[in-house]
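The values are calculated or read from the model by the stated rules, or taken from the named source; none is laboratory data. Treat the numbers as computed from the prediction; the structure is a model and nothing was measured. Here the Cβ is made from the backbone with ideal geometry for all residues, glycine too, and neighbour counts use every protein chain on show.
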Amino acid sequence: MNPDSRRNEDRLFAPRGLLGNAHVQSLLTSGPWRRHRVQRLAAAYLGRSQRELIETADGTRLLGFRNQSAAASRRQAQVILLHGWEGSADSNYLLSTAVAMDSAGFDTFRLNMRDHGSSHHLNRELFHSCRLEEVLDGVGRLRQAYGDRPVFLVGFSLGGNFTLRVAREAPAKGFQLTRAVAVSPVIRPRHVLDALEGGLSVYESYFVRKWRRSLRIKQALFPEDFDLDAWFKLKTLRGQTDWLVEHYTEFPNLHEYLEGYSVAEDYLVGLETPTLIITAADDPIIPERDFHELPSEPALALDVLPRGGHCGFIENWRMDSWIEQRLINELCPLTKL
């Protein structure tokens, strides 16, 4: 892994003024100001989206949205996109990236993880971050259905963590990805939880609010399966996660659960899928040191930019995203028009 192997255009992200602030970057990317613009630009794309259910080998049903590129020069290549925790296929960053890839000629598939977006009714059991097998199988089915054409996997935050795990496990499952890209991925979950507790309260409050909404929906759909009244009285992510781990997972404690989806230490040793991690040194949620402690693997490249916040990389007050052009620059050379 060579963190200095960036091409010239990858050094050009240099936000000015307030946009140079990590918190401004992190909050803008999913905020309502950007959402209005993303929804307007995505209107035609969303009108062409085809809703699709993927049933995995264990019976899990995952909801996704497929688009064939409407660009004049279609690349005959597909990008599968994974959102972050409590995001969805329609999150600002995911939808904006999908539209950019569509315009560049890529077919796209935006995959909702279990209990994200409008998919709570599809499976009785709760989502948790160690449910790799169903995402791995879902991505594998999408990959196989696309034939021998290039297929890329791109994930953000927790979706970036899943992307790294899918990239690691794909060959053993009998499928190959042309390239995987993880943007601001979770590396060691316990460090993320520490950062959320020790940082600005707005981040923990954001996730607590969205998680509470999600579990209210789940409990209303399956009242005979979930008694979450005690959980709703808890106020912190650590307390909430600890309670759910104890009552609704097979893990003996919080530590074992958090380590269960860690990609730190030697997890990526032996990685075969060509994989790129893009992150920012000023990310307020994912500690920079976690990236520099990853193993040196020929298939793994790392770009740590000085600024960008968490899944931010907003270039200007028009809410243009640098990461989208970065992805296009990365993936286009691996395809044919």
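Among the criteria (1) over 25 Å from Cys311 (Cα atoms); (2) surrounded by 15 or more Cβ atoms within 10 Å (Cβ to Cβ); (3) touching a residue at least 60 places away in the same chain (Cβ under 8 Å), the one His255 does not fulfil is (2).
Restricting to the range 302-337, name every residue that is on the phi > 0 side of the Ramachandran plot and surrounded by fewer than 20 Cβ atoms within 10 Å (Cβ to Cβ). Answer for the range 302-337, where residues must be on the phi > 0 side of the Ramachandran plot and surrounded by fewer than 20 Cβ atoms within 10 Å (Cβ to Cβ): just Met319. The residues in the range 19-67 that are under 17 Å from Gly312 (Cα atoms), in contact (Cβ under 8 Å) with a residue 60 or more places away in the chain and among the basic types (Lys, Arg) can be counted, and the count is 2. Inside the range 287-334, residues that are over 30 Å from Gly270 (Cβ atoms) and of a type in the set (Lys, Arg) make up a count of 2. Contact annotation: residue pairs with Cβ atoms under 8 Å, 6 or more positions apart or on different chains, pairing a residue in the range 96-120 that is farther than 13 Å from Gly155 by Cβ with a partner that is of a type in the set (A, V, I, L, M) and at pLDDT below 95, are Asp102/Ala70; Asp102/Ala71; Ser103/Ala71; Ala104/Ala71; Gly105/Ala71; Gly105/Leu337. Of all the residues in the range 68-89, those that are under 27 Å from Lys210 (Cβ atoms) and free of Cβ contacts under 8 Å to residues at least 40 places away in the same chain number 2.
So which of Ile277, Ile285 ends up being in a loop (DSSP other than H, G, I, E, B), in contact with a Leu (Cβ under 8 Å, 6 or more places away or on another chain) and either modelled with pLDDT of 95 or more or farther than 30 Å from Ser103 by Cβ (or both)?
Result of the check over Ile277, Ile285: Ile285.
Scanning the range 261-276 for residues being surrounded by 23 or more Cβ atoms within 10 Å (Cβ to Cβ) and among the polar types (S, T, N, Q) gives a total of 1.
Here's the yes/no breakdown for (1) of a type in the set (S, T, N, Q); (2) touching a Lys or Arg at 6+ places or on another chain (Cβ under 8 Å); (3) over 28 Å from Ser26 (Cα atoms):
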{"site": "Glu86", "(1), (2), (3)": "no, yes, no"}
{"site": "Tyr93", "(1), (2), (3)": "no, no, no"}
{"site": "Asn112", "(1), (2), (3)": "yes, no, no"}
{"site": "Gly147", "(1), (2), (3)": "no, no, yes"}
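Out of all the residues in the range 266-288, which are touching a residue at least 24 places away in the same chain (Cβ under 8 Å), out of contact with any helix residue (DSSP H, G or I) (no Cβ under 6 Å at 6 or more places or on another chain) and of a type in the set (D, E, K, R)? Result: Asp266, Asp283. The sole residue among Val181, Val186 that is touching a residue at least 60 places away in the same chain (Cβ under 8 Å), in a loop (DSSP other than H, G, I, E, B) and over 17 Å from Ile54 (Cβ atoms) is Val186.
Among strands (runs of 3 or more DSSP E) lying entirely in the range 1-118, which contain 1 or more residues that are of a type in the set (Phe, Trp, Tyr) and modelled with pLDDT of 95 or more? Reasoning before the result, please.
On the way: elements: 50-55, 61-67, 78-82, 107-111.
Ranges flagged: 61-67, 107-111.
Can you name the residue in the range 277-301 that is closer than 19 Å to Leu331 by Cβ and crowded, with 21+ Cβ neighbours inside 10 Å and is also farthest from the chain's Cα centre (by Cα) among such residues? So, considering only residues that are closer than 19 Å to Leu331 by Cβ and crowded, with 21+ Cβ neighbours inside 10 Å, the one farthest from the chain's Cα centre (by Cα) is Leu300.
If the requirement is being touching a residue at least 12 places away in the same chain (Cβ under 8 Å), within 22 Å of Leu122 (Cβ to Cβ) and outside any loop (DSSP other than H, G, I, E, B), which of these qualifies: Trp211, Trp243? Don't jump to the end; show me each part of the working.
Details: Trp243 fails: within 22 Å of Leu122 (Cβ to Cβ).
Unique residue meeting the criteria: Trp211.
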